[in-house]
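Here is the structure we will look at.
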Amino acid sequence: MTQPIAVTLGTVAHEGKRMTASGTTTIDRYAFGITKAKGMTGRHLKITLEVVAHR
């Protein structure tokens with residue numbers, strides 16, 4: 001299952017030919033149909049992204 005999520009950008013930096021960005025989002029596992037392993041993790045998961053792009 002796929003669906004869009006909103007990512008909140010934290011920092012964006014540009015150094016020469018390299019650009020970095022970080023962001024966070026929280027997803028509800030149940031909204032994606034993931035209901036198993038209830039005792040192993042919470043229903044809402046915080047995800048942190050770190051992206052590095054080279055030119």
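The values are calculated or read from the model by the stated rules, or taken from the named source; none is laboratory data. Note that the structure is predicted; figures quoted are calculated from it, not measured. Cβ sites come from the backbone with ideal geometry, for glycine too, and all protein chains shown count toward neighbours. We work out accessible area using only protein heavy atoms, side chains counted, and drop any ligands, DNA or RNA first. Shrake-Rupley method; radii C 1.70, N 1.55, O 1.52, S 1.80 Å.
Calculate, for the chain, the solvent-accessible area per residue in square angstrom, rolling a 1.4 angstrom probe over the heavy atoms of the protein chains.
Details: 4670 Å² over 55 residues.
Solvent-accessible surface per residue comes out at 85 Å².
Mind putting a number on the dipole of the chain about its Cα centre? Charges go on the C-beta only, +1 for Lys and Arg and -1 for Asp and Glu, and I need it in Debye to the nearest 20. All intermediate terms of the calculation are to be shown ahead of the outcome.
Numbers: 8 positive and 3 negative charges, 34 e Å.
About 160 debye.
With all pairs of different alpha carbon atoms counted, what Kirkwood hydrodynamic radius in Å does the chain show? It would help to have the intermediate numbers written out before the result.
Numbers: mean 1/r = 0.0756 Å⁻¹.
Mean inverse Cα-Cα distance, inverted, gives 13.2 Å.
For the chain, give the percent of accessible area contributed by carbon and sulfur heavy atoms, probe 1.4 Å, rounded to a whole number. Mind dumping the intermediate values first?
Values: 2680 of 4670 Å².
Carbon and sulfur atoms account for 57 percent of the accessible area of the chain.
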